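The values are calculated or read from the model by the stated rules, or taken from the named source; none is laboratory data. Keep in mind it's a predicted model, so treat the numbers as computed, not measured. Please note: Cβ atoms are built from the backbone with ideal geometry, for glycine as well, and neighbour counts cover all protein chains shown. Accessible surface is based on the protein model in full, side chains and every heavy atom, while ligands, DNA and RNA are left aside. Shrake-Rupley method; radii C 1.70, N 1.55, O 1.52, S 1.80 Å.
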Amino acid sequence: MSTKSRSLLEIILIDYRWVFVCFFLLPISFVYNLFYYVRNVIVFRLNTAPKKHDSKVKKIQSQVNDWRKSGMKTKMCTARPGWQTMSFRRPLYKRHFTQIDCNLIDILEVDLKRGVIRVEPLVNMGQISATLAKLGWTIAIVPELDDLTVGGLVMGTGIESSSHIYGLFQHICESYELVLADGSLITCSKHENSDLFYAVPWSYGTLGFLTAVEIKIIPATKYIRLKYEPVRGIRNLCRKFDEASKNKSNCFVEALQFGLDEAVVMTGVKVNDNEVDYEKINEIGKWYKPWFFVHVRNMMKSNKQIVEYIPLKDYFHRHSRSIFWELQDIVPFGNNILFRYLFGWLMPVKVSLLKITQTAAIKKLYEENHIIQDMLVPISKMEQCLRDIDDAVQVYPIWLCPFHLPNDPGMVHPKTETSQMYVDIGIYGVPQRRFDAKPVTRRIESLVADCDGFQMLYADTYRTEDEFRQMFDHSLYDKMRTKYDCKSAFPEVFGKVNKNVRD
């Protein structure tokens, strides 16, 4: 698009987007986050959320019953605007569906005796971390980005919330409460309505409206000891990553790959206060600290193992301030030391605000020059996948996180009869290879399918419906769709995630 054919506003929003982000979106993000934090503190301290929950659920049931009385002319979906989700795409289907208002944003209960926290689906990871940290507890997997919601992580798995010990987010969920297509309320767990319990994850809101989730929590320590180990050579990376993932004494494992043969493998262990070397504490969550991926990249220069002690909450949300490395393309000077000290406390800008202010030109620019994908593949196929991804897009850094995948029924499980160790390969950024979104993404999707892997559903998928069903096991899901009369009420998962229904 030539400069002459663009308006002054389009020139600013595309070529100087950082001006718009820094002077408009960042202050709004800060005020929004402050308001949200204060509101949640007040609600939790007054303990009003549990009392209001039942009435909010009844309101949802009433809306579903009204939809049934009106003749069920359209399918249903939540009324949550598409720009509020973490996906960079907005759903088109909402324009034609009956939208059900589900204002479910509160923490309901923390039960330390049972080791669970009960929350509504729009509660985010930042809320949970802040609430549990004061009590000396945490959820059993790394919650990653602050704005990821429980509902998104359950229904669509979300991004980067996994563990080599516990599995994906769904595997630390103890129960789900849903409003079904007939307006009834149901609770499901491993021991009650178990088929529905296993069918809910990855179902993308097509089995009912999620209204509450019980999540497993575990005791926490104030710090973790994080070891950074630079690795050269892709085979060495895969070997060390596999060894670290099999070692259950490691509480946390991840790697950042900065080139085909350059990476840093990180292993974290929870430590008690008397085990902390206070001279090596690094509060990486402070606004003036370097972005975490830059801090890790600098470890490559040392060529030796380095150990730091990181406050637990800082570690959990280490990628939030820079949204992994996506903000470097939006605010190129965001990691500059002067900017960090003066304005770093405003970061990060909310993804929802970035989405709502996107013009058609920006959307096209992103689609033609940017890739955001998370691929889940058996760890035994990790080297093959990394080589093929490098050949297809050459995007770095690449985020690597192992997770244990049990052979539970549902849409996502190993093709083997036993559980398996998988790796989440996160690809975010501007490809250095010649990039044509559809054929390149289809090539990567086929690679993942051939490895018995899965594509995360928040990202673009160009697979056909038949190909999508081959990747995800629909047998239990289809059974539940029939049992709970979902076909006239909700679309199938493919009808909510394929590229044709996303803007």
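Give the residue, chosen from Tyr458, Tyr484, Tyr462, Tyr477, that is hydroxyl-bearing (Ser, Thr, Tyr), surrounded by 15 or more Cβ atoms within 10 Å (Cβ to Cβ) and within 28 Å of Ala244 (Cβ to Cβ).
On inspection, the qualifying residue turns out to be Tyr458.
Checking the structure you have, find out if any residue of segment 146-158 is of a type in the set (A, V, I, L, M), closer than 20 Å to His413 by Cβ and in contact with a helix residue (DSSP H, G or I) (Cβ under 8 Å, 6 or more places away or on another chain).
Yes, there is a match, as at least one residue in segment 146-158 is of a type in the set (A, V, I, L, M), closer than 20 Å to His413 by Cβ and in contact with a helix residue (DSSP H, G or I) (Cβ under 8 Å, 6 or more places away or on another chain).
Taking the options Lys438, Lys496, name whichever one is at pLDDT below 95, over 21 Å from Leu168 (Cα atoms), open to solvent by 30 Å² or more (accessible area, probe 1.4 Å) and assigned to a helix (DSSP H, G or I).
Criteria check complete, one pass: Lys438.
Taking the options Glu229, Glu160, name whichever one is open to solvent by less than 10 Å² (accessible area, probe 1.4 Å) and either at pLDDT below 95 or assigned to a strand (DSSP E or B) (or both).
Only one candidate qualifies: Glu160.
If you check every pair at least six apart or on different chains, which have Cβ atoms under 8 Å apart with a residue in segment 275-300 that is under 20 Å from Val264 (Cβ atoms) first and a residue that is assigned to a loop (DSSP other than H, G, I, E, B) and of a type in the set (A, V, I, L, M, F, W, C) second?
Trp291/Trp325; Phe292/Ile284; Phe293/Phe324; Phe293/Trp325; His295/Ile284
Which pairs turn up if I take residues in segment 189-205 that are over 24 Å from Asn498 (Cβ atoms) and of a type in the set (Asp, Glu) and look for partners that are open to solvent by 10 Å² or more (accessible area, probe 1.4 Å) and in a helix (DSSP H, G or I) with beta carbon separation below 9 Å, at least 6 apart in sequence or on another chain?
Final answer for the pair search is Asp195/Leu476; Asp195/Lys479; Asp195/Lys483.
Take the residues of segment 362-417 that are touching an Asp or Glu at 6+ places or on another chain (Cβ under 9 Å) and of a type in the set (Val, Ile, Thr): which is farthest from Glu243 (Cα to Cα)?
Among them, the one singled out is Ile362.
What do you reckon, is Ile356 open to solvent by 10 Å² or more (accessible area, probe 1.4 Å), at pLDDT 75 or above and hydrophobic (A, V, I, L, M, F, W, C)?
no
What's the number of the only condition in (1) part of a loop (DSSP other than H, G, I, E, B); (2) open to solvent by 60 Å² or more (accessible area, probe 1.4 Å); (3) farther than 28 Å from Tyr166 by Cβ that Ala489 fails to meet?
(2)
Exactly one condition in (1) in contact (Cβ under 8 Å) with a residue 60 or more places away in the chain; (2) assigned to a loop (DSSP other than H, G, I, E, B) is not met by Thr131; state its number.
That leaves (2) as the condition not met.
Need at least 1 residues that are modelled with pLDDT under 75 and either closer than 15 Å to Met347 by Cα or over 29 Å from the mean Cα position of the chain (by Cα) (or both) per element, so show me which helices (runs of 4 or more DSSP H) inside segment 1-62 make the cut, counting only ones lying wholly within it.
Result: 8-15, 26-46.
A quick yes/no check of all residues on (1) open to solvent by 20 Å² or more (accessible area, probe 1.4 Å); (2) touching a Ser or Thr at 6+ places or on another chain (Cβ under 7 Å); (3) closer than 24 Å to Leu386 by Cα:
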| residue | (1), (2), (3) |
| --- | --- |
| Ile234 | no, no, yes |
| Val253 | no, yes, yes |
| Phe258 | yes, no, yes |
| Lys280 | yes, no, no |
| Asn298 | yes, no, yes |
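Taking Phe339 as the residue in question, decide whether it is out of contact with any Phe, Trp or Tyr (no Cβ under 6 Å at 6 or more places or on another chain), open to solvent by less than 50 Å² (accessible area, probe 1.4 Å) and not aliphatic (A, V, I, L, M).
Considered against the rule, which asks whether it is out of contact with any Phe, Trp or Tyr (no Cβ under 6 Å at 6 or more places or on another chain), open to solvent by less than 50 Å² (accessible area, probe 1.4 Å) and not aliphatic (A, V, I, L, M), Phe339 comes out as no.
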